[in-house]
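Following: one structure in structure tokens, then a few remarks.
The values are calculated or read from the model by the stated rules, or taken from the named source; none is laboratory data. In this text the structure is predicted, and so the values were computed from the model without any measurement. Every residue, glycine as well, gets a Cβ built from its backbone with ideal geometry; the counts of neighbours run over all protein chains shown. Please note that ligands, DNA and RNA were not included when accessible areas were found on the heavy atoms of the full protein model with its side chains. Shrake-Rupley method; radii C 1.70, N 1.55, O 1.52, S 1.80 Å.
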2 protein chains.
Amino acid sequence: MRVQAFAALVAKAALVPFAYDAAALGDEDVEIEVSHCGLCHSDVHLIDDAWNRSTYPLVPGHEVVGRVVAVGRAVTHLAVGARVGVGWQRSACFACDRCLAGHENLCAAQQATCIGHHGGLGERLRTDARFAFALPDGMESAEAAPLLCGGVTVFAPLRRYGADAKRTVGVIGVGGLGHLAVRFAAAFGCEVVAFTSSPDKRKELHAMGAHEVQSSTDARALRGLADRIDLLISTVPARLDWILYLQALRPNGVLCLVGASPGLLQVPAAQLLTGQKSICGSDIGDRGTMVEMLRFAARHRIVPTVETRPMQDVNLGIERLRANQARYRIVLEN
Amino acid sequence: MRVQAFAALVAKAALVPFAYDAAALGDEDVEIEVSHCGLCHSDVHLIDDAWNRSTYPLVPGHEVVGRVVAVGRAVTHLAVGARVGVGWQRSACFACDRCLAGHENLCAAQQATCIGHHGGLGERLRTDARFAFALPDGMESAEAAPLLCGGVTVFAPLRRYGADAKRTVGVIGVGGLGHLAVRFAAAFGCEVVAFTSSPDKRKELHAMGAHEVQSSTDARALRGLADRIDLLISTVPARLDWILYLQALRPNGVLCLVGASPGLLQVPAAQLLTGQKSICGSDIGDRGTMVEMLRFAARHRIVPTVETRPMQDVNLGIERLRANQARYRIVLEN
């Protein structure tokens with residue numbers, strides 16, 4: 001089957017129309033007619049080969065929504081016509097300790113939707129049906145797309161670290177991931193503090209559910225927040241003053257990175273000991289968490305704020321993303 | 001009341017006999033006739049004023065065991081004659097959020113047994129009865145002493161981070177704290193890997209319950225342990241190659257510091273993200289954990305290996321501790 005898509009032919013290039021022959025539909029596979037695909041910062045990193053893992057031509061796109069048009073012989077949970085979403089992860093081994101424990105996102109043999117395979121920025125996508133998730137009725141497709149990577153990436157640590165009505169959650173960086181973290185945390189009943197370097201977002205952040213908006217870079221303001229926050233989720237791929245953020249944590253507090261900060265984290269060991277604080281990372285979410293997140297989002301109407309554009313405008317979308325102009329997630333539409 | 005004790009008169013000094021007038025017995029206080037007192041590395045730090053928190057004359061000792069000889073008017077849970085133990089913490093505010101949640105060890109207003117008060121290296125100790133714990137029958141007093149600081153300090157993170165029969169626990173540094181961590185982890189059903197810089201301890205560590213003994217400083221050996229351990233408890237106040245230890249963690253693994261490593265921890269953020277790893281600190285234990293630990297130790301016969309010496313030999317004990325010669329905890333006896 002021939003698939004019309006958009007690809008970077010070399011690192012850092014603008015995307016161009018690109019057709020490829022899809023692999024044969026395997027027993028566990030599903031073929032999706034793509035209606036929408038979100039744009040994530042990871043797509044930009046892949047285009048730029050920032051992680052030295054990209055292969056070209058590279059079709060990005062890992063927040064994919066569409067209708068099932070064909071299923072492999074072994075697929076029982078999805079039928080032709082189902083509306084599904086696909087995120088960052090494409091497959092897992094289903095045999096290792098992590099998979100057996102339901103943590104497929106930690107499987108060492110996992111594959112990604114658009115590393116070594118072509119992603120969702122095209123008309124069709126053939127992928128492992130075990131990582132295609134039926135979307136709840138009533139959820140708009142354009143609004144479902146950003147949940148599939150950005151949404152689950154922030155939902156997973158909120159759940160893992162006990163975000164609930166007695167906790168104060170801080171969200172550092174309020175873009176595609178962060179604005180969903182604010183909405184999820186507010187829906188969990190948390191007190192929510194949003195940290196942003198864009199003061200123009202303040203009013204919108206309050207409307208999303210933030211009870212307080214702070215500068216993410218003003219050291220003096222951060223010092224004033226000592227002992228205020230139980231769980232800090234950092235969505236920013238930037239070096240921040242982690243010592244000040246650790247001070248902002250209450251005892252037993254957790255600083256969780258979901259965006260890779262470049263270079264080394266440098267913190268005094270004594271700052272972790274006194275107050276029993278943690279620094280940790282969280283990496284997308286497992287399948288169970290994805291299903292739970294979709295149900296939760298449908299039930300509580302957690303809806304990303306999206307800019308929907310025709311898929312042929314993909315390069316414009318990527319430029320807006322590179323310039324931090326997306327408010328808050330760009331979704332491309334066929 | 002006049003108390004005969006041993007004190008450092010100035011920083012880094014040898015202890016000398018020292019008599020002081022104890023404060024009046026408060027309503028919530030208890031007076032203990034000290035039978036035993038363990039020696040902890042923190043006592044050495046206090047003697048040396050390593051934390052700039054010491055006041056002199058300083059009577060160290062915060063692993064105190066003895067009989068209750070008087071109780072304040074408000075004390076209901078202990079009676080004269082009871083055998084009790086006292087650890088690092090002397091009191092808490094019992095009013096802040098942490099105290100209300102049962103985490104008195106995180107109370108900002110907490111006081112320590114031998115900071116600003118005289119500790120247990122003497123004949124008597126007057127202290128807050130709410131931090132005096134009845135000892136289980138059948139537990140030897142000399143063997144109970146090291147549990148009151150060293151024991152609870154390693155028991156708390158083992159419990160908090162889910163050490164159980166499906167986990168592999170690594171213990172870095174096998175001294176007073178570490179040898180108890182090995183015994184607790186083995187009793188929890190964990191696979192136990194002990195990391196030591198003293199190869200002569202190997203045979204003893206196996207007898208304590210370690211399934212594997214590794215060098216704590218051999219980079220090549222550490223590299224060979226990649227993806228092996230769920231929970232690493234570091235008891236050493238030393239700089240180690242934390243990057244190698246993080247590599248030794250399985251996905252979702254936790255590196256927990258209970259001994260303050262000097263200087264900065266420096267780790268790549270990406271190493272926390274990939275595999276969802278955590279670095280955290282743990283600080284003694286709350287009262288509920290202390291009681292649970294004592295019950296568990298009694299039930300499963302978790303017994304520290306002690307060198308018992310007469311209290312007048314305190315300086316010899318301190319010298320052995322400074323020289324890392326204690327096998328494994330020095331306990332002084334009246």
All positions within segment A:7-21 that are open to solvent by 30 Å² or more (accessible area, probe 1.4 Å) and in contact with a Pro (Cβ under 6 Å, 6 or more places away or on another chain):
A:Leu9, A:Phe18
Identify, please: which residue in segment A:228-253 is in contact with a Pro (Cβ under 8 Å, 6 or more places away or on another chain) and modelled with pLDDT of 95 or more and is, among those, farthest from B:Cys99 (Cα to Cα)?
A:Ile233
With (1) more than 23 Å from A:Leu272 (Cβ to Cβ); (2) in contact (Cβ under 8 Å) with a residue 60 or more places away in the chain; (3) in a strand (DSSP E or B) as the list, and B:His179 as the residue in question, which single condition is left unmet?
(3)
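Would you point out which residue out of A:Ile302, A:Ile279 is within 12 Å of chain B (Cβ to nearest Cβ) and among the β-branched types (Val, Ile, Thr)?
A:Ile279
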From the option list B:Val86, B:Val68, single residue qualifying as under 18 Å from B:Val152 (Cβ atoms) and assigned by TED's automatic domain parsing to the domain that holds B:Glu123 is B:Val86
Within the bounds of segment B:165-176, is there any residue that is in a strand (DSSP E or B) and not β-branched (Val, Ile, Thr)?
yes
Looking at the structure I just gave you, is A:Leu106 among the hydrophobic types (A, V, I, L, M, F, W, C) and within 14 Å of another protein chain (Cβ to nearest Cβ)?
yes
Conditions first: (1) open to solvent by less than 10 Å² (accessible area, probe 1.4 Å); (2) farther than 26 Å from B:Arg322 by Cα. B:Cys256 passes all but one, so which condition is the exception?
(2)
A:Asp200 - would you say it is assigned to a strand (DSSP E or B) and either more than 10 Å from chain B (Cβ to nearest Cβ) or free of Cβ contacts under 8 Å to residues at least 24 places away in the same chain (or both)?
no
Given the criteria surrounded by 20 or more Cβ atoms within 10 Å (Cβ to Cβ), within 19 Å of the chain's Cα centre (by Cα) and assigned to a strand (DSSP E or B), does A:Phe184 qualify?
no
In segment B:251-264, is there at least one residue being assigned to a helix (DSSP H, G or I) and at the interface with chain A (Cβ under 7 Å from one of its Cβ atoms)?
no
Per the filter on segment B:22-38, residues small (Gly, Ala, Ser) and open to solvent by 10 Å² or more (accessible area, probe 1.4 Å) are B:Ala22, B:Ala23, B:Ala24, B:Gly26, B:Ser35
Only one residue in B:Pro268, B:Pro237 is in the same structural domain as B:Ala185 (by TED's automatic domain parsing), out of contact with any Cys (no Cβ under 9 Å at 6 or more places or on another chain) and open to solvent by 60 Å² or more (accessible area, probe 1.4 Å), so which one is that?
B:Pro237
Note on segment A:218-230: residues more than 9 Å from every other protein chain (Cβ to nearest Cβ) and either free of Cβ contacts under 8 Å to residues at least 24 places away in the same chain or in contact with a Gly (Cβ under 9 Å, 6 or more places away or on another chain) (or both) are A:Asp218, A:Arg220, A:Ala221, A:Gly224, A:Leu225, A:Ala226, A:Arg228, A:Ile229, A:Asp230
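In segment B:142-164, what count of residues is obtained for those that are open to solvent by 20 Å² or more (accessible area, probe 1.4 Å) and either touching a strand residue (DSSP E or B) at 6+ places or on another chain (Cβ under 9 Å) or in the same structural domain as B:Ile302 (by TED's automatic domain parsing) (or both)?
4
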Might you let me know whether segment B:317-330 holds any residue that is buried (at least 23 other Cβ atoms within 10 Å of the Cβ) and closer than 30 Å to B:His103 by Cα?
yes
Within segment A:109-141, residues being within 14 Å of chain B (Cβ to nearest Cβ) and among the aliphatic types (A, V, I, L, M) number 3
Please verify whether A:Ile233 is facing another protein chain (nearest Cβ under 9 Å), β-branched (Val, Ile, Thr) and part of a strand (DSSP E or B), treating the condition exactly as stated.
no
Of (1) crowded, with 16+ Cβ neighbours inside 10 Å; (2) under 18 Å from the mean Cα position of the chain (by Cα), B:Asn334 fails just (2)
Does any residue of segment A:113-121 turn out to be under 18 Å from the mean Cα position of the chain (by Cα), within 27 Å of B:Lys166 (Cα to Cα) and in contact (Cβ under 8 Å) with a residue 12 or more places away in the chain?
no
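Go over the candidates B:Asp128, B:Asp97 one by one and state the one that is of a type in the set (Asp, Glu) and surrounded by 16 or more Cβ atoms within 10 Å (Cβ to Cβ).
Of the residues listed, the single one that is of a type in the set (Asp, Glu) and surrounded by 16 or more Cβ atoms within 10 Å (Cβ to Cβ) is B:Asp128.
Return a yes/no flag: does segment A:39-50 have any residue that is surrounded by fewer than 20 Cβ atoms within 10 Å (Cβ to Cβ) and either assigned to a strand (DSSP E or B) or among the small types (Gly, Ala, Ser) (or both).
Yes, some residue in segment A:39-50 is surrounded by fewer than 20 Cβ atoms within 10 Å (Cβ to Cβ) and either assigned to a strand (DSSP E or B) or among the small types (Gly, Ala, Ser) (or both).
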Cβ pairs under 9 Å, 6+ apart or interchain, first in segment A:23-39 and in contact (Cβ under 8 Å) with a residue 40 or more places away in the chain, second part of a loop (DSSP other than H, G, I, E, B) and of a type in the set (S, T, N, Q), ordered by first then second residue, are A:Glu33/A:Asn334; A:Val34/A:Asn334; A:Ser35/A:Asn334; A:His36/A:Asn334; A:Cys37/A:Asn334
B:Lys277 vs (1) open to solvent by less than 50 Å² (accessible area, probe 1.4 Å); (2) at positive phi: all pass except (2)
Just to be sure, is B:Asp313 at the interface with chain A (Cβ under 10 Å from one of its Cβ atoms), at pLDDT 95 or above and open to solvent by 30 Å² or more (accessible area, probe 1.4 Å)?
no
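Could you identify the single residue in B:Val254, B:Val267 that is closer than 29 Å to A:Ile284 by Cα and over 26 Å from the mean Cα position of the chain (by Cα)?
Exactly one of B:Val254, B:Val267 is closer than 29 Å to A:Ile284 by Cα and over 26 Å from the mean Cα position of the chain (by Cα), namely B:Val267.
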Scan segment A:279-295 for residues that are touching a helix residue (DSSP H, G or I) at 6+ places or on another chain (Cβ under 7 Å) and not charged (D, E, K, R) and jot them down.
A:Ile279, A:Cys280, A:Gly281, A:Ser282, A:Ile284, A:Gly285, A:Thr289, A:Met290, A:Met293, A:Leu294
